[in-house]
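Below is one structure, written out as structure tokens, with a few remarks after it.
The values are calculated or read from the model by the stated rules, or taken from the named source; none is laboratory data. This one's a predicted model, so the numbers in the text were calculated from it and none came from an experiment. We place every Cβ from the backbone using ideal geometry, glycine too, and count neighbours over all the protein chains shown. We work out accessible area using only protein heavy atoms, side chains counted, and drop any ligands, DNA or RNA first. Shrake-Rupley method; radii C 1.70, N 1.55, O 1.52, S 1.80 Å.
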Amino acid sequence: MSDTAKLTPLMQQFWEIKNQHLDKILFFRMGDFYEMFHDDAKIAAPILNIALTSRNKKSADDTPMCGIPYHSVAAPLGKLLAAGLKVAICDQLEDPDTAKGIVKRGVTRILSPGMVYDPETLSELSANFVAAFDNKTISFLDATTGECFYYETTTEKSDAISKKAIELLVLLQPSEIVLTKEQKESSEHLGKLTFYKSEFNDLEENWPERFQNAPVSAKRLLTYATRMQGVHVLSAMQEFTRRELGGNMSLGANTLKHLEVFQSYRGEDRGSLFYAINRTKTSAGARLLKSWLQFPLLSKEILNSRYERIEKWMGKPSELKILRQALGQMGDIERRLTKISYSNCHVRDLMSLMNSLQVGLQISPLIPELNENPHNKKVQQIEKIANQILKTLIDDLPLNMKSGGYIRTGVRADLDELISLSENGQKLLLELEAREKEATGISSLKVRYNNVFGYYIEVTNSHKDKVPDHYKRKQTLANAERYITQELDELERKILSSREKRVQLEELVLKELRDFILSQGTLILEVAQKWSELDVLSALSWLAMEQRYVRPRLSHQAVNGQNGDMNLYIEGSRHPVVEQEVKKTFVPNSISIRGGECLLLTGPNMAGKSTLMRQVAVTALMAQAGSFVPAKAADLPIFEQIFTRIGASDSLSEGLSTFMVEMKETAEMLQGAGERTLVVLDEVGRGTSTYDGMSLAQAILEYLVESAKSLTLFATHYHEITDLAKKHTQIHNAHMGVQEHGQDIQFLYTLKSGPANKSYGIQVAKLAGLPDTVVKRAAVLLREHEEQVHARADAGAFGRVGAQNQMDLFALPQGEIEPL
Ligand code: ADP
Ligand code: MG
């Protein structure tokens, strides 16, 4: 690198470019390959699982190198980005065939996790956001779909991030956050978030009109996107719209995690609510359903209109089936449009957009809104766009676009002429060949073409003497001579130039078509959004029929500070994920909790407490996303917030969870909880010693029913707490039914009123397969403990501890049974 003088001109060029992109892997285009050199090669080869070689094994040049074919870069690029690397793509900027000296090269695109090469390498179920914030706003941009929006989230310090903004980041899970240097250095909160962080300090001020009013954070994203991918990215990018947070139910990161809304505890799609209820047929529909779950509504009116549309489809199952078949043919319009905005897009991208638009046109009559103006006009415009594509491109598009051949005849008269010339060329050559054979009497005479000499007439040596004088020698081979004639020379020029002109003209027509489509991008996306809604609603309808869900009845809505009816009653409630995943039959339960009251659940492990509580929360979430719910009947209030907290030791799979984290979250919850909050607390206080934990659990519960007046589901293994029901009429004890068969127990999964009367710790352990001798010994020890406690209680040393609780003492960790 230092001694450039000794380098070949090619490597000199490489270093000139590489030096400007030291933080990235440089893909250096050479012929049909993108090559990587030096450290780039050493880093990338193992990730891509390709061989690391040397540039020239024979000479002293031992530059490490690896490469991938230019036409299949999408997947390898995806791997490098997933490994947290950035990639700069360096292309040949001139035609290597005509270039003099070394081909001019330059970086054409830079890729990062948020700025991908090919959206098709991403999961079609998730958006791919890049985010940025300032002290007033937080903005999101998805370069793969053109979706752009921002929220107002004011903070005092310019480099700090607001709590609301962090919540949004957690909710929307951007692939990348773009930070200024100051923000990167000062945002301690961000440190904990595991998003890919890029530092970027520039801010362009001159933007096309539709971006001029975008906030600073949005403009920073636009600047970043154009620097990374070139200005053309703007053409598929929508205006930044402002989104309101007020109209949505608030869901903390923990709630999403504990309810396993988008991912299971294991971090998998399977086992999540989304996976269990997603029946959409299009990628855009799947992403829309996801956003409905991310931002559940508070408006009874809108929710009821969603339910109505779901209900309508349930009444016409055969039509629904046909609709879903049609939707299955619709591609990803949003992502296809952004692909079309790339200069290297393929004609087939336009054709698949056309196919999707046609499916959309087919289903549009089913959407009442689209049959009325102004939408009706937009649908007509879509028809025009589809026709324009159809009229311009041939049906059977070639895979390789290099030699044209994709534009129809009839589009332009001058192109038609060139097409016929370039296609007739072959015929004219054959005619010439026949004529020359006849004239010379050489039957083996051939007219052929090669890249170096162009067209020629080849005559084998045995017929050399029959060659006429006007043949000019071009090349001599061992057993043949190659000639050119004036006629062939003229024909060659005509054919070659017509081919070249044809390719150029086809490219021009294609560009005009692309520009036309992109100029209609906003309109296409607006109508496509309606198609996606139809997809989601018909999918929810299908789901409701398939899984026997019911339409929720939403209670009286809260208006102007007045509380609505907050009572909850679910008859025959099921857990939508567990019932699909467990092999045994799921036992439905009816749950009734009045506003401000608490269902206090006790009972042994594995009895179904957590499942029951979560299914109530999941049911509320589904209802407010606009879906039917897994139950026989459901009367639900509209919740402004769902809060769930799972005790530290109950979520061991999370690994990181500590008592401190648990208490922090609980503190936040208690600050925010109110009458329109649904609270699910599962084994809080488990992460500390028994008496600490028990005392905290009790105090928290008291606060919830006395002050916050939230609707609460509370599961605990501290049986002592069940006594609270005596003091607070809002607290109702309940437990999950267990059947005893002598020494054995069987879980019934039925919700029963009253506290559990036993903890069944030893029976559960037996069920888990603990050796018989251990189980028997434990039973003996338990009896001894019980007797001791009785004796002490009789002597007045142990106060209020009742008979039920003594059973549980055995389950406590050793050393913690000392009284305070
Ligand atoms: P707990 O919180 O009381 O320890 P869980 O709610 O974790 O119990 O339930 C344990 C297991 O029991 C679940 O993983 C599920 O397989 C099963 N289960 C829970 N509820 C039901 C039900 N209503 N019907 C059938 N199986 C259930
Ligand atoms: Mg549990």
Item checked: Dipole in debye (nearest 20) - the chain, about Cα centre, beta carbon charges: Lys, Arg +1; Asp, Glu -1 -> 1200
Next item on the list: Quick one: what are the phi-derived ³J(HN,Hα) couplings along region 357-369, Karplus 6.51/-1.76/1.60 with θ = phi - 60°, whole Hz, x for glycine and proline?
Entry: 4, 5, 4, x, 5, 5, 8, 4, x, 7, 9, x, 4
Check: Using 16 Å as the cut-off for backbone N distance, which residues of region 387-429 belong to the label zone defined by a point 7 Å from the Cα of Phe516 along Cα→Cβ?
Finding: 387-395, 406-416
Next item on the list: Note the full-extension length gain between Glu706 and Lys752 as 0.36 nm times their separation in residues minus their Cα-Cα distance, in nm to one decimal.
Entry: 14.1 nm
Notebook entry, point to check: Local charge sum around His732 (other residues, Cβ-Cβ under 10 Å, Lys/Arg +1, Asp/Glu -1)?
Noted result: 0
Next item on the list: With label points built 7 Å along Cα→Cβ from the Cα atoms of Glu204 and His556, find their separation and express it in nm.
Entry: 5.6
Margin query: Given the options Thr476, Ser283, Met65, identify the residue whose Cα lies farthest towards the positive end of the charge dipole of the chain (+1 on Cβ of Lys, Arg; -1 on Cβ of Asp, Glu).
Written below: Thr476
Notebook entry, point to check: Angle between the Cα long axis of helix 772-794 and the longest principal axis of the chain, 0 to 90 degrees, nearest 10?
Noted result: 40
Notebook entry, point to check: Over the alpha carbons of region 345-473, what is the largest minus smallest coordinate on each principal axis, giving the biggest first in Å?
Noted result: 83, 24, 20
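Averaged per residue, what accessible area in Å² does the chain show with a 1.4 Å probe, protein chains only?
That works out to 48 Å² per residue.
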Next item on the list: Please report Rg over Rh for region 553-757, where both radii come from the alpha carbon positions and Rh follows the Kirkwood definition.
Entry: 0.95
Checklist line | Efficiency of FRET from Cβ geometry, Ser291 and Arg435, R₀ 60 Å, rounded to 0.05 | finding: 0.30
Next item on the list: Add +1 for every Lys or Arg and -1 for every Asp or Glu among the other residues with Cβ under 13 Å from the Cβ of Phe516, and state the total.
Entry: +2
Notebook entry, point to check: Share of antiparallel DSSP beta bridges in the chain, in percent to the nearest 5?
Noted result: 60
Margin query: Students often check this: by mean Cβ neighbours within 10 Å, which of 340-346, 530-536, 726-732 ranks highest, and how do the rest follow?
Written below: 530-536, 340-346, 726-732
Checklist line | Per-pair calculated FRET efficiency, R0 = 30 Å: Ser462 and Lys100 via Cβ, rounded to 0.05 | finding: 0.15
Check: By the scheme Lys and Arg +1, Asp and Glu -1, what is the net charge of all other residues having a beta-carbon under 13 Å from that of Ala286?
Finding: -1
Next item on the list: Write down, largest first, the equivalent ellipsoid semi-axes of region 475-555 in whole Å, where each equals the square root of 5 times an eigenvalue of the alpha-carbon gyration tensor.
Entry: 65, 20, 7
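How much of the calculated P(r) for the chain lies past 49 Å, in percent of all Cα pairs? Present the calculation step by step, with values, prior to reporting the outcome.
Numbers: 127313 of 335790 pairs.
Here the long-distance tail beyond 49 Å is 38 percent of all Cα pairs in the chain.
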Margin query: Let me spell out the model: positive unit charges on the Cβ of Lys and Arg, negative unit charges on the Cβ of Asp and Glu, origin at the Cα centre of region 100-217. What dipole size does that give, in debye rounded to 20?
Written below: 420
Margin query: Considering all projection directions equally, how large on average is the shadow of the alpha-carbon convex hull of region 666-767, in square nanometres?
Written below: 7.3
Check: Within the accessible area of region 122-270, what % is carbon and sulfur when the probe is 1.4 Å and the other protein chains stay in place?
Finding: 45
Check: Per 10 Å bin, what is the whole-percent P(r) computed from every C-alpha pair distance within region 4-111?
Finding: 14, 49, 32, 5
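Quick check: residue separation of Asp744 and Val582 times 0.36 nm, minus the Cα distance between them. What number comes out in nm?
Length gained between Asp744 and Val582: 56.1 nm.
Using a 1.4 Å probe on the protein chains only, how many percent of the accessible area of region 4-111 belongs to carbon and sulfur?
Working: 3030 of 5690 Å².
Result for region 4-111: 53 percent of the exposed heavy-atom area is carbon or sulfur.
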Next item on the list: May I have the extent of the alpha carbons of region 413-498 along their three principal axes, as whole Å values ordered from largest to smallest?
Entry: 47, 27, 18
Next item on the list: For an R0 of 51 angstrom, estimate the FRET efficiency from the Cβ-Cβ distance between Asn19 and Asn373 and round to the nearest 0.05.
Entry: 0.30
Checklist line | Stretchable slack from Asn400 to Leu428, in nm (0.36 nm times residue separation minus alpha-carbon distance) | finding: 7.6 nm
Next item on the list: Filter the chymotrypsin sites (Phe, Trp or Tyr not before Pro) in region 448-509 to those in DSSP coil with at most 12 other Cβ atoms within 10 Å of their Cβ, and list the result.
Entry: Phe453
Next item on the list: Output the peptides 436-445, 224-233 sorted from most to least packed, where packing is the average of other Cβ atoms within 10 Å over each peptide's residues.
Entry: 224-233, 436-445
Checklist line | Cα-derived Rg to Rh of region 124-244, Kirkwood definition | finding: 0.93
Check: What dipole magnitude, in Debye to the nearest 20, does region 413-498 give about its Cα centre under +1 on Lys/Arg Cβ and -1 on Asp/Glu Cβ?
Finding: 500
Notebook entry, point to check: Cα convex hull of region 64-161: how many Å³ per residue?
Noted result: 172
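Return the calculated 222 nm mean residue ellipticity for the chain, to the nearest 500 deg cm²/dmol, obtained by summing -39500 (n - 2.57) across DSSP H runs with n ≥ 4 and dividing by the residue count.
-13000 deg cm²/dmol
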